[in-house]
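Novice: Encoded as structure tokens, here's the structure I'll be asking about.
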Amino acid sequence: MTRRVHPIGQRGLGTGAEPDAVACALMNATSPRPLAHLALTQIPTLFSCRALRLAWELGASDGAARHASPDTAADAGEAALIDAAFAAGAEVRAGLAGSDGCRLATVLERADGGHGRRGRAVLITEWPSAAALAQEEAAWRGYLGVLAPRFADVLDLAENASTIEGLQKSGRLQRALYAIADLASSELDMVEMLPRLHAVVGELMYAKNFFITLYYPERDALRFIYFADTQDATVYDPEHDVPASMIKGSLTLEVIRTGRSAMGPSVQVQVELGLESSGKVGPEAADWLGVPMMAEGQARGAVVVQSYERAGVYSEEDRALLTFVAQHILTALARKQAQAELERRVEERTRELTVEVHERQRGEKVQAALYAIADLASGELDMSEMLARVHAVVGELMYARNFLMALYSSERDTLRFIYHADEKDPGMLDPEAEVPAADMRNSITFNVIRSGRAVHGPPAEVKAQLGIPTSVVFGSTAEHVLGVPLAIDGQVRGAVLVQSYDASVHYSDDDRALLSYVAQHILTALLRKQAHEELEQRVHDRTRELRDQIAERERVERQLVHETLHDSLTGLPNRGFLLDSLARSLARLQRDPAHQFAVLFLDLDRFKVVNDSMGHLVGDEMLKEAGRRLAACVRTPDMVARLGGDEFALLLEDIRGPDDAYHVAQ
């Protein structure tokens, strides 16, 4: 059968009615896939070739999506041709095995040689022979001249439509995110805020089935604070916990435990998460998406959407969006919880204000008392007057009309009551006397020291706490007693006692803690006062010793320096001293070229004869005398040094020229 080939003119497909109809059909197609289908259908009716496939790309070059018509998978040859044509941007030809036919991969270009502004297309045709292609070459190129620019225009339209759709979608997303942020920072309570948040999410993705859960790791329990589901009739109280053990196998619980989102059919997600099918909670979902709500690297809950009708509802974009939403939900929840906690704390704080003000006033008094005690310890008062003032300071903090301080000496095993003020037993104890501890073994004071415990209460109860027989009485019987040890570095050094003869005055735990605290400062003050005089004397003695030591050290250092730099026999500078002086003279010469100096070296002729005939003692005396005579020949700034044996050197500074050196040598 002979195929009729339609001529292709300059204006279009030709002048006949059928070519005009072809052109009209191409012009009427407004999207890539219908136009590709039309071209693939037209080509076999116009030419002797087969139209195998038309492929095109949409999008940016680094992220372009490739499409093809028909949408069935291409064979290896077609795929290779398409890739080669896209890569080369030019027509690629491949021969057919067993015939002289070929396949052409033609890049659809505009008349000016350019592609569409963004999209690209490649047409694959198969020609029965090279002769057929050559015979129809002109018509084929004319057809491509119409198809290529039209397809490029359609690709541009598709790109524009895609861009507009993306902008519209971005606008919807931006508005939704603003709405979510506004809800998160609004004054709405949780019951009203969460349904509105659900509605916002529903504008961005399929969210008919939507729930939010919080996780409490300390209780291993969840709370479903919002739950909307078209098939699951379970009712969750947002104020009550659901133990994790009751929903073992839950996808939501596993998302929280792993801290990772999951997406897909619920059966598939269950397998991916390694959950047993028997532990499935709730109805099966065709598509399921759950994301954790993360804070400081810990999952605090999860947000879940699901579809029972169809699969593939959710995409990676939806996963990212829901992850963003989840963080805003967590922010809103944290804000609401913080607000409730703040209100509770404000109320509690209001109740505590009176107590706190009282404690602050008391703290200020304690601070002032401690400052006063510290000042007394560093003052010039004698011990008796200082202790009386310490008593007055303690009296400003608690009832302390009857006040006693005792120090214990472990070396002598004695007590000394350094201060005693009592309204019923005044002057009972001598502050200078040392009382053997054995005489006081049943007293409250000694047993507070021995036990190292602070005690308070009626005397009978205090004695029972300390293991003292109640029959033993020292002085007048008080109504209430408070005693604390004076301890430092774990060692008890004494005790402080206050007591009351008034039945209405009782000491509390706060008084015990306060006196224990003050007692440490009292002991510090006592030790500081006692050590002050000793320290002054020791400082005086030590200063004198240090002055003597410094003088001796300076003398020794001078002696060491002299011995290091001088000859031990003659007392003259040695070789090291000479080398240092030479280095200084050379440095001075570099700074001042006018400076001149000279160095003379000499030894004693036949000195060995003297040593051998007269002995080394006479030789040493001769060296000493030689050193004295040499030293007498030079000026003050000059130097005579003994280098060793009978060798000497002279360093002459500030000479006028060689004649000065000659003169000294003579």
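The values are calculated or read from the model by the stated rules, or taken from the named source; none is laboratory data. Predicted model, so just to flag it, every value in this text is computed and none were measured. Neighbour counts are summed over all protein chains in view; Cβ atoms, including those assigned to glycine, are modelled from backbone coordinates with ideal geometry. Note: areas computed on protein heavy atoms with side chains; ligands, DNA, RNA excluded. Shrake-Rupley method; radii C 1.70, N 1.55, O 1.52, S 1.80 Å.
Novice: Considering only residues of region 441-455 that are assigned to a loop (DSSP other than H, G, I, E, B) and of a type outside the set (S, T, N, Q), which is surrounded by the most Cβ atoms within 10 Å (Cβ to Cβ)? Quick ask: steps written out before the conclusion?
Specialist: From region 441-455, those assigned to a loop (DSSP other than H, G, I, E, B) are 441-443, 452-454; that's our starting set.
Those still in the list that are of a type outside the set (S, T, N, Q) too: 441, 452-454.
Details: 441: 12, 452: 13, 453: 14, 454: 18.
Residue satisfying both the conditions and the ranking: 454.
Novice: Another question, then. Return the residues of region 556-591 that are surrounded by 12 or more Cβ atoms within 10 Å (Cβ to Cβ), among the hydroxyl-bearing types (Ser, Thr, Tyr) and part of a helix (DSSP H, G or I); say none if nothing qualifies.
Specialist: Across region 556-591, the qualifying residues are 581, 585.
Novice: Also: Within region 456-489, work out how many residues are free of Cβ contacts under 8 Å to residues at least 24 places away in the same chain, within 19 Å of residue 500 (Cα to Cα) and not in a helix (DSSP H, G or I).
Specialist: 4
Novice: Can I ask one more? Would you say residue 7 is at pLDDT below 80, open to solvent by less than 20 Å² (accessible area, probe 1.4 Å) and not hydroxyl-bearing (Ser, Thr, Tyr)?
Specialist: Values: at pLDDT below 80: yes; open to solvent by less than 20 Å² (accessible area, probe 1.4 Å): no; not hydroxyl-bearing (Ser, Thr, Tyr): yes.
In short, no.
Residue-wise test of (1) open to solvent by 70 Å² or more (accessible area, probe 1.4 Å); (2) in a helix (DSSP H, G or I); (3) over 30 Å from residue 315 (Cβ atoms); (4) free of Cβ contacts under 8 Å to residues at least 24 places away in the same chain.
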| position | (1), (2), (3), (4) |
| --- | --- |
| 146 | no, yes, yes, no |
| 149 | no, yes, yes, no |
| 156 | no, yes, no, no |
| 161 | no, yes, no, yes |
| 171 | no, yes, no, yes |
| 186 | no, no, no, yes |
| 193 | no, yes, no, no |
| 198 | no, yes, no, no |
| 201 | no, yes, no, no |
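Novice: Here's another thing I want to ask about it. Condition first: over 19 Å from residue 664 (Cα atoms), in contact (Cβ under 8 Å) with a residue 24 or more places away in the chain and not charged (D, E, K, R). Now tell me which residues in region 615-633 satisfy that.
Specialist: Passing the criteria: only 623.
Novice: Further question: Is it the case, given these coordinates, that residue 577 is over 22 Å from residue 450 (Cβ atoms) and among the aromatic types (Phe, Trp, Tyr)?
Specialist: Numbers: over 22 Å from residue 450 (Cβ atoms): yes; among the aromatic types (Phe, Trp, Tyr): yes.
Here the answer is yes, as residue 577 does meet what is asked.
Here is a yes/no grid of residues against (1) within 24 Å of residue 169 (Cα to Cα); (2) open to solvent by less than 80 Å² (accessible area, probe 1.4 Å); (3) of a type in the set (S, T, N, Q):
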position	(1), (2), (3)
263	yes, yes, no
271	no, no, no
281	no, yes, no
284	no, no, no
300	no, no, no
320	yes, yes, no
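Novice: Would it be correct to say that residue 99 is among the polar types (S, T, N, Q), surrounded by fewer than 12 Cβ atoms within 10 Å (Cβ to Cβ) and either at negative phi or not in a helix (DSSP H, G or I) (or both)?
Specialist: In short, yes.
Novice: Assess whether residue 226 counts as being open to solvent by 10 Å² or more (accessible area, probe 1.4 Å), closer than 18 Å to residue 294 by Cβ and under 38 Å from the mean Cα position of the chain (by Cα).
Specialist: Numbers: open to solvent by 10 Å² or more (accessible area, probe 1.4 Å): yes; closer than 18 Å to residue 294 by Cβ: no; under 38 Å from the mean Cα position of the chain (by Cα): yes.
In short, no.
Novice: What residue, of 589, 497, 546, 569, is at pLDDT 90 or above and over 30 Å from residue 368 (Cα atoms)? Give the steps one after another, and end with the answer.
Specialist: Details: 589 fails: at pLDDT 90 or above; 497 fails: over 30 Å from residue 368 (Cα atoms); 569 fails: at pLDDT 90 or above.
It is 546.
Novice: Separate question: Considering only region 538-546, I want to know if a residue exists there that is within 60 Å of the chain's Cα centre (by Cα) and hydrophobic (A, V, I, L, M, F, W, C). Even if it seems obvious, please write down each step before you answer.
Specialist: Within region 538-546, the first condition is being within 60 Å of the chain's Cα centre (by Cα), and the residues that meet it are 538-546.
Now restrict to residues that are hydrophobic (A, V, I, L, M, F, W, C): 539, 546.
Looking for residues that are within 60 Å of the chain's Cα centre (by Cα) and hydrophobic (A, V, I, L, M, F, W, C), one finds at least one in region 538-546, hence yes.
Novice: Among the residues of region 229-249, count how many are modelled with pLDDT of 90 or more, in a loop (DSSP other than H, G, I, E, B) and open to solvent by less than 40 Å² (accessible area, probe 1.4 Å).
Specialist: 1
Novice: Name the single residue that is modelled with the lowest pLDDT among those in region 79-118 being among the small types (Gly, Ala, Ser) and touching a Gly at 6+ places or on another chain (Cβ under 8 Å).
Specialist: If we filter region 79-118 for residues that are among the small types (Gly, Ala, Ser), which is where we start, we get 79-80, 84-85, 87-90, 94-95, 97-99, 101, 105, 111, 113-114, 116.
Then keep just the ones that are touching a Gly at 6+ places or on another chain (Cβ under 8 Å); that gives 94-95, 101, 111.
Numbers: 94: 90, 95: 88, 101: 90, 111: 55.
Step by step, filter region 79-118, then rank; the result is 111.
Novice: Test of understanding: among 387, 376, which residue is out of contact with any Phe, Trp or Tyr (no Cβ under 7 Å at 6 or more places or on another chain) and touching a residue at least 24 places away in the same chain (Cβ under 8 Å)?
Specialist: Working: 387 fails: out of contact with any Phe, Trp or Tyr (no Cβ under 7 Å at 6 or more places or on another chain).
Just one listed residue meets the conditions, 376.
Novice: A follow-up question, please. Name the pairs: first residue in region 438-455 and of a type in the set (Gly, Ala, Ser), second residue assigned to a loop (DSSP other than H, G, I, E, B) and open to solvent by 50 Å² or more (accessible area, probe 1.4 Å), Cβ to Cβ under 8 Å, at least 6 apart or on different chains?
Specialist: Between residues of region 438-455 that are of a type in the set (Gly, Ala, Ser) and residues that are assigned to a loop (DSSP other than H, G, I, E, B) and open to solvent by 50 Å² or more (accessible area, probe 1.4 Å), the close pairs are 438/413; 443/474.
Novice: Do we find a residue being of a type in the set (Gly, Ala, Ser) and more than 19 Å from residue 641 (Cα to Cα) anywhere in region 566-578?
Specialist: Keep residues of region 566-578 that are of a type in the set (Gly, Ala, Ser), which gives 568, 571, 576.
Applying the additional criterion that residues be more than 19 Å from residue 641 (Cα to Cα) yields none.
No, there is no match, as no residue in region 566-578 is of a type in the set (Gly, Ala, Ser) and more than 19 Å from residue 641 (Cα to Cα).
Novice: Within region 581-611, track down each residue that is within 12 Å of residue 639 (Cα to Cα) and in contact with a helix residue (DSSP H, G or I) (Cβ under 8 Å, 6 or more places away or on another chain).
Specialist: Listed by number, the residues that qualify are 597, 598, 599, 600.
Novice: Condition first: over 22 Å from residue 501 (Cβ atoms) and surrounded by fewer than 15 Cβ atoms within 10 Å (Cβ to Cβ). Can you find one or more residues in region 413-423 that meet it?
Specialist: Narrowing region 413-423 to residues over 22 Å from residue 501 (Cβ atoms): 413-416, 418.
Then drop every residue that is not surrounded by fewer than 15 Cβ atoms within 10 Å (Cβ to Cβ), which leaves 413.
Yes - at least one qualifying residue is present in region 413-423.
Novice: Further question on the same structure: Residue by residue through region 19-54, note down the ones that are in a helix (DSSP H, G or I), surrounded by fewer than 17 Cβ atoms within 10 Å (Cβ to Cβ) and under 60 Å from the mean Cα position of the chain (by Cα).
Specialist: 34
Here's the yes/no breakdown for (1) at pLDDT 90 or above; (2) out of contact with any Lys or Arg (no Cβ under 6 Å at 6 or more places or on another chain); (3) assigned to a loop (DSSP other than H, G, I, E, B); (4) within 29 Å of residue 510 (Cβ to Cβ):
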{"position": "418", "(1), (2), (3), (4)": "no, yes, no, yes"}
{"position": "427", "(1), (2), (3), (4)": "no, yes, yes, no"}
{"position": "432", "(1), (2), (3), (4)": "no, yes, yes, no"}
{"position": "439", "(1), (2), (3), (4)": "no, yes, no, no"}
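Novice: From 495, 478, 519, 513, grab the single residue that is under 21 Å from residue 363 (Cα atoms) and surrounded by 13 or more Cβ atoms within 10 Å (Cβ to Cβ). Let's see the steps before the verdict.
Specialist: Numbers: 495 fails: under 21 Å from residue 363 (Cα atoms); 478 fails: under 21 Å from residue 363 (Cα atoms); 513 fails: surrounded by 13 or more Cβ atoms within 10 Å (Cβ to Cβ).
Within the list 495, 478, 519, 513, the selection yields 519.
Novice: Please work out if residue 254 is open to solvent by 40 Å² or more (accessible area, probe 1.4 Å), among the acidic types (Asp, Glu) and more than 18 Å from residue 216 (Cα to Cα).
Specialist: Values: open to solvent by 40 Å² or more (accessible area, probe 1.4 Å): yes; among the acidic types (Asp, Glu): yes; more than 18 Å from residue 216 (Cα to Cα): no.
No, not satisfied.
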